[in-house]
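First the structure, in the form of C-alpha cells, and then the observations on it.
The values are calculated or read from the model by the stated rules, or taken from the named source; none is laboratory data. Remember, it's a predicted structure, so these values are computed and weren't measured experimentally. Reconstructed Cβ throughout: ideal geometry from the backbone, glycine too, with neighbour counts over all protein chains shown. Remember, those area values only see protein heavy atoms, side chains included, never the ligands or the DNA or RNA. Shrake-Rupley method; radii C 1.70, N 1.55, O 1.52, S 1.80 Å.
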Amino acid sequence: MSAPTTKRTVTEREARQVAEAAREQGWRKPSFAKELFLGRFRLDLIHPHPLPADDDAQRGEEFLAKLRDFCETKIDSARIEREAQIPDEVVDGLKELGALGMKIDTKYGGLGLTQVYYNKALALVGSASPAIGALLSAHQSIGVPQPLKLFGTQEQKDTYLPRCARTDISAFLLTEPDVGSDPARLATSAVPDGDDYVLDGVKLWTTNGVVADLLVVMARVPKSAGHKGGITAFVVEAAAEGITVENRNAFMGLRGIENGVTRFHRVRVPAAGRIGPEGAGLKIALTTLNTGRLSLPAMCVGAGKWCLKIAREWSAAREQWGRPVALHEAVGSKISFIAATTFALEAVLDLSSQMADENRNDIRIEAALAKLYGSEMAWRMADELVQIRGGRGFETAASLQARGERAVPAEQLLRDLRINRIFEGSTEIMHLLIAREAVDAHLAVAGDLIDPDKTLQDKAKAGAHAGVFYAKWLPRLVAGPGQLPSSYGEFKREVDLSGHLRYVERHARKLARSTFYAMSRWQGRMETKQGFLGRIVDIGAELFAMSAACVRAELLRSQGDHGREAYQLADAFCRQARIRVDELFGRLWANTDDLDRKVVKGVLGGAYAWLEQGVVDPSGDGPWIADATPGPSARRNVHRPIR
C-alpha cells in the first residue's frame, strides 16, 4: 500500500464536473433570492418578517446575558493581540459556559440555540475578540458538530456531539498547499485497508487545527472493488498516531487564531469515522456551509455596530474649524454610511438566520449573499472608521494608550476583518458560486443548447423545452407591481419605503433580462465572463439587502421598537444602495473587461516587465507553494490541545 506522491492534474472541464456534482441539484423549497435573480420579487416569502418562538428567544437571551458578562470580565482583547494567543483559561471559561455547544442539541449536552441566537452570540463575542469568534465559529459552523448534525449516523452523534458540546474543540480540514477553491485537485488520500482507511497528505490553514481534539478531514478514496471512491469526509481524532501539526501560522490579523499546517502519515481511521458515503465529501462540505457561512456576517454585524459606536463618540468629541467633525459633510457621509449599512447587514443576517431556523426556505443563495455582502461592507465600514479617526486610526491601541489616549483598536479591526473576504469562499469564488445558482433555472432548460459536447438531437430537445419556458417567463419581465405607485403601500409611513420596494421589483426584472441577454449573447462562454457575473451577483446582493432592510424596519415599527428611526435608516441605506445598483447596471455593458484580459496576457508574457524596474524585492527565498509530498513528518509537533 502506498500513497500518491505526485500532484493531481485535472482539466478545466474535470474541475467543473467535480464542482457541479458536489452542489445540491434540486430546489425542493422556495428561495427568495433565487426568485429575485429570476425577476420575481416574492416579498411574501420574507414579509411579514419571521420571528423566533418565545421559548427559543428566552433561552437565547438568557445565554447572551451570561456571555456578555463573560466578555466584559474575562476577555482581554489587548492581551490576545499582544500575545497572539487566546489564554487557556478563557477557552476553559467558554467551555464551562457552554459556548462550544451553542448549536448542539440539548440531548447531547449542548445549548440548542437557534441560528438567530447563535449568530447574536458570535457578533457579541467577536466584538470582544475576533479571534475567539473565529475559534467558536470554526468549531461549530464547519467543524464536527454541523456535518454530523446533517449527515452523521446516530452512533456518531452519540459519540462525538457530547464531547464537542463541552470539552473538545474541532476543526475542518479541506484546503491543501496546492489546492484552494478547486477541490478536484485534492491530493490527500484515504486508502481502504480492511476495516480502516489510511490517510496520507498535508492540509493547510487548518483553523483550530493547532488546538483541536477532533478533525473533519476531506480526503480522496481511490476507486476499487467494493469502493465507489471520491472525495470523502472523515471524523479523525487529532491525537491519532501519524498526525503532526507542523506549523502554527501567523497572519496580519486574527493574531490569536490557532491556525496551522497538519500532516497525515499513515493515519488509520476506522470506517465508522466516515461521514456519509464515499464520494459525498464535497456535497457534505457545501451543504454544511449553506448555514455555516452565516457565522461570518454575524461577526461583520458586530464589527459594524462597534464602528458606529466609535464613530459617534469620536466625531462628537473631536472638533475642527469650530465644530465637531461629524457635522462636516465629508465626515458625516461616512458616519451615515456606517449607520445605514450596519442596519442593513443586521437585517440580512437576522432574516437569513430566521429562515434557516424555520427551514421553510432554501437559503443557500441567501446565506452566500450574506457572507459576500457582509464581508465586503464590513471591510469598507472599518476602512471608513480608520479614515474618520485620521492618524489615530492608523495608530495601534497600545501606542494610543502609552501616550495617554483611549486605546481604540481601529487599525486592528481593519486587519482582523480583511480575512473575511477570503475565509469560507473568497469574494471572487462567492461571485461564481452564487452566479451558478442564479442561472440554474436557465441551465436546467437550456443547458444542453450551450454545451459543445451535446449532440444535435440533444440540442433540439433542449431548444423545445427552452422555447416553452421562455415563452412563459420573458413576458412577465416586461411589467410588474414596481410600476404601480400604490404598490407596497403598507411600507408608506412618515418615511416612505414603498418606493424602494418598487425599485427592487423593477430592477429584479431588469436583472433577469440582463442575465438572459448575456446568456443569449455569450452562450457557452458565459462562465468565462467573471466580471459580468460578479456584477450580476452584486446587484442581487444590494436588492436583497434593500428588501431585508425595509422588512426589518416595518417589523420594528410594528413592535414599537425604534420604528421611526429604523425607517430612517432603511431609507438612507436604500438610497445609498440604489446609487450602487445603478452604477453596477451601467458597468454590465460599459467596462474594461476585454482590455483587462489583453493587459493580463501582456503582464504574464513579460511585455511590461520593464515597468517593474527601479525597486528591490524584500521577499525571502523559497518556493511559491510548499512541497506537500506525503510522507513522515520531519518537524516538531506543535499540536497543543487545551485541557
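Quick one: count up the residues across segment 383-400 that are open to solvent by 50 Å² or more (accessible area, probe 1.4 Å) and either of a type in the set (D, E, K, R) or in contact (Cβ under 8 Å) with a residue 40 or more places away in the chain (or both).
Residues in segment 383-400 being open to solvent by 50 Å² or more (accessible area, probe 1.4 Å) and either of a type in the set (D, E, K, R) or in contact (Cβ under 8 Å) with a residue 40 or more places away in the chain (or both): 4 in total.
On the basis of being open to solvent by 10 Å² or more (accessible area, probe 1.4 Å), touching a residue at least 12 places away in the same chain (Cβ under 8 Å), more than 22 Å from residue 313 (Cα to Cα) and within 16 Å of the chain's Cα centre (by Cα), does residue 360 make the cut?
No: the conditions fail for residue 360.
In segment 177-203, which residues are within 18 Å of residue 242 (Cβ to Cβ) and crowded, with 22+ Cβ neighbours inside 10 Å?
Passing the criteria: 187, 188, 190, 197, 199, 200, 201, 202, 203.
Tell me, please, whether a residue that is at positive phi and without any contact (Cβ under 8 Å) to a residue 40 or more places away in the chain can be found in segment 542-563. Step through it out loud before you land on a result.
Filtering segment 542-563 for residues at positive phi gives 560, 562.
From what is left, the residues that are without any contact (Cβ under 8 Å) to a residue 40 or more places away in the chain are 560, 562.
Scanning segment 542-563 turns up at least one residue that is at positive phi and without any contact (Cβ under 8 Å) to a residue 40 or more places away in the chain.
Given 340, 326, 344, which one is under 30 Å from residue 146 (Cβ atoms), in a helix (DSSP H, G or I) and touching a helix residue (DSSP H, G or I) at 6+ places or on another chain (Cβ under 7 Å)?
Criteria check complete, one pass: 344.
Before we move on, is residue 96 over 19 Å from residue 642 (Cα atoms) and out of contact with any helix residue (DSSP H, G or I) (no Cβ under 7 Å at 6 or more places or on another chain)?
no
Check residue 599 against each of (1) over 30 Å from residue 266 (Cα atoms); (2) open to solvent by 70 Å² or more (accessible area, probe 1.4 Å) and name the one condition it does not meet.
That leaves (2) as the condition not met.
Suppose we filter 424, 376 for residues that are closer than 24 Å to residue 330 by Cα, in contact with a helix residue (DSSP H, G or I) (Cβ under 7 Å, 6 or more places away or on another chain) and open to solvent by 30 Å² or more (accessible area, probe 1.4 Å); which single one remains?
On inspection, the qualifying residue turns out to be 376.
Just the residues that are under 24 Å from the mean Cα position of the chain (by Cα) and in a strand (DSSP E or B), please, taken from segment 153-199.
Passing the criteria: 170, 171, 172, 173, 176, 179.
Being within 30 Å of residue 300 (Cβ to Cβ), in a helix (DSSP H, G or I) and in contact (Cβ under 8 Å) with a residue 60 or more places away in the chain narrows it down to one of 411, 437, so name that one.
Residue meeting the stated conditions: 437.
Go through segment 94-114 residue by residue and tally those that are within 12 Å of residue 149 (Cβ to Cβ) and polar (S, T, N, Q).
Of the residues in that region, 0 qualify.
What's the number of the condition residue 50 fails, among (1) part of a helix (DSSP H, G or I); (2) modelled with pLDDT under 95; (3) open to solvent by less than 40 Å² (accessible area, probe 1.4 Å)?
Here residue 50 clears every test but (1).
Can you name every residue in segment 481-503 that is assigned to a loop (DSSP other than H, G, I, E, B) and either open to solvent by 20 Å² or more (accessible area, probe 1.4 Å) or under 16 Å from residue 567 (Cβ atoms) (or both)?
Within segment 481-503, 484, 485, 486, 488, 493, 494, 495, 497 qualify.
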